[in-house]
1. How do the pairs read when you match residues in region 107-125 that are at negative phi and touching a residue at least 24 places away in the same chain (Cβ under 8 Å) with residues anywhere that are part of a helix (DSSP H, G or I) and open to solvent by 80 Å² or more (accessible area, probe 1.4 Å), using Cβ under 7 Å and keeping only pairs 6 or more apart or on different chains?
2. Identify, please: which residue in region 61-98 is under 17 Å from E163 (Cβ atoms) and among the aliphatic types (A, V, I, L, M) and is, among those, modelled with the lowest pLDDT?
3. Select, from A140, A116, the only residue that is within 27 Å of V18 (Cα to Cα) and either open to solvent by less than 80 Å² (accessible area, probe 1.4 Å) or modelled with pLDDT of 90 or more (or both).
4. Tally the residues that are open to solvent by 60 Å² or more (accessible area, probe 1.4 Å) and of a type in the set (A, V, I, L, M), restricting the search to region 34-87.
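The values are calculated or read from the model by the stated rules, or taken from the named source; none is laboratory data. Just so you know, these numbers come straight off a predicted model, no measurement behind them. Cβ sites come from the backbone with ideal geometry, for glycine too, and all protein chains shown count toward neighbours. Accessible surface is based on the protein model in full, side chains and every heavy atom, while ligands, DNA and RNA are left aside. Shrake-Rupley method; radii C 1.70, N 1.55, O 1.52, S 1.80 Å.
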Amino acid sequence: RHVPSPRPAIQQQRKFSVDVSELKSTYKRLMAQYHPDRHHSLSDPDELEKFTNLSSSITRAYGVLADPHSRAEHLLELRGEPITENCGDLVASDDGMLLMQVMEIREEIDEADDDADILRQLLVQNEERMGGTCTELADAFEVDNLDEARRLTARLQYWKRIEEKIVDKLSTVR
């Protein structure tokens, strides 16, 4: 029995815009085909290990492509413009107002205490900010403006951290 090459089979175009439902169905189809449980009858442990590795690779690829921030970081890395630990410098140098906005939003989250309605409202507002940033990111990648894509990826990271903070706080309120 021939084991396929362990190249990730989730073959998306190298662009930021992704049809998430198509990506998910591709992932499910590939996992149905390559998951090691489907090949449990293999007598050769090396072949089974190849399916295990391929399945793991497909899952990692899906995780990167399904998350907008991870996808943007991945695309920048592929184009030789990775985000570094000092990504805050990208934002601070171009968009000092963003840092003020982030601080204000964090204060609003802290002041919301245990008010789930306010926290949910802040979450919706943040989702809108993330959506707008993703739209701008798609445009930046489309025209190959990598400086702008790096700056927007850093901004998206701030929105993602705010989302995590709100979700974390909501989990203690419910």
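1. Every condition considered, the pairs that remain are L122/E108.
2. Here the answer is V91.
3. A140
4. So the count comes out to 1.
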